[in-house]
Amino acid sequence: MMDLEPFTEAVTRILQEALHAMCLLAEEAKADVIREQETARKAIEEAPQVIKENSEDTEKFNSLTSEVEALKASLQSERQAAEDLRNAFSEAEARNSELATNLENVTRRVDQLCESESQEVLVKCISQNLGYDGGKPVAACVIYKCLLHWRSFEVERTNIFDRIVKIIASAIEVSDSYKVSDNNEVLAYWLSNSAMLVCVLQRTFRSSTMLSSKGLMSGVLVSYLDRQSQVVPKCPAMLFKKQLIDFLQKIYGMMRDNLKKEILPHLEYCKQAPWPFSNPKERIVHWQRIVGSLRSYLNIMKANNVSLRIR
């Protein structure tokens with residue numbers, strides 16, 4: 001009879017090992033189930049937080065989206081406002097330009113009217129003998145100041161120069177009907193004023209090549225005008241200066257002729273050779289009359305502050 005004990009032990013051992021292996025597998029499976037359950041439990045526990053975070057992220061996203069849309073709308077609004085401002089500025093600029101032009105035209109017209117109400121005053125004023133102030137001919141100073149203030153030297157067209165010239169010409173012409181002494185007074189007065197005007201115009205006009213001011217009037221008479229701003233004269237102003245220089249030559253010639261008319265008869269008598277019937281006392285009288293005429297001429301020049309340089 002066959003011994004089964006070794007076989008039984010082998011089978012038993014195999015069954016025990018198999019059982020042990022199965023137990024291990026069961027334990028591992030149980031551990032896996034427990035881990036899966038734990039993972040599931042944690043997932044279930046963390047699910048609300050994730051959902052909450054996702055919900056918050058969604059809210060933030062929606063909020064940011066709203067802010068972006070608001071910023072876009074604000075930017076568009078600001079762009080439109082900037083465009084409106086640019087258009088308004090352009091319109092205002094055009095309007096201001098138009099107003100400036102209108103204002104300039106109105107100002108020019110007002111200046112013309114004021115200059116026309118002032119020309120009348122000036123013409124009336126210088127038609128009289130204004131005399132002298134501190135050795136300066138008042139009429140010349142007034143004329144110069146007005147012309148400078150009105151900027152008459154810088155305009156292309158004006159009638160003020162013609163009006164002044166007519167006053168001087170008229171005074172000279174009328175003086176021909178006066179007696180010699182009065183005639184010389186008027187001529188010396190306008191000789192002084194004309195010389196003064198030529199001198200200050202010479203100092204005022206730029207790049208002028210006319211007469212030197214030192215050859216017309218003493219520096220005392222015009223020193224207070226030396227600091228006036230220079231101007232570039234237009235044609236009317238240059239013509240006015242030339243007419244004044246012509247007046248100087250004409251007036252001086254008229255006064256010289258008047259003096260000749262006075263002294264030539266006496267000189268002719270004194271130049272005659274002595275003859276038996278000549279009267280020495282009468283010769284002395286003629287010389288005295290010549291000296292008297294020269295002295296009168298000199299006194300008139302001094303009274304009207306005519307510089308020795310111009311004579």
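Some observations on this one:
- For His20, net neighbour charge (Lys/Arg +1, Asp/Glu -1) across residues whose Cβ lies under 11 Å away: -1
- Protein-only accessible surface at a 1.4 angstrom probe places the residues Met196, Met254, Met22, Met238 in the order Met22, Met238, Met254, Met196, largest first.
- Bridgeable lysines around Lys30 (alpha carbons under 27 Å apart, same-chain partners fewer than 8 residues away excluded): Lys42.
- With 25 Å as the limit, the listed pairs Lys250/Lys302; Lys124/Lys261; Lys260/Lys281; Lys136/Lys234; Lys136/Lys260 have Lys124/Lys261; Lys136/Lys234; Lys136/Lys260 beyond it between alpha carbons.
The values are calculated or read from the model by the stated rules, or taken from the named source; none is laboratory data. Computed from a prediction, not measured in an experiment: that's the story for all the values here. Please note: Cβ atoms are built from the backbone with ideal geometry, for glycine as well, and neighbour counts cover all protein chains shown. For the accessible areas, the whole protein counts, side chains as well, though only heavy atoms, and no ligand, DNA or RNA atoms are used. Shrake-Rupley method; radii C 1.70, N 1.55, O 1.52, S 1.80 Å.
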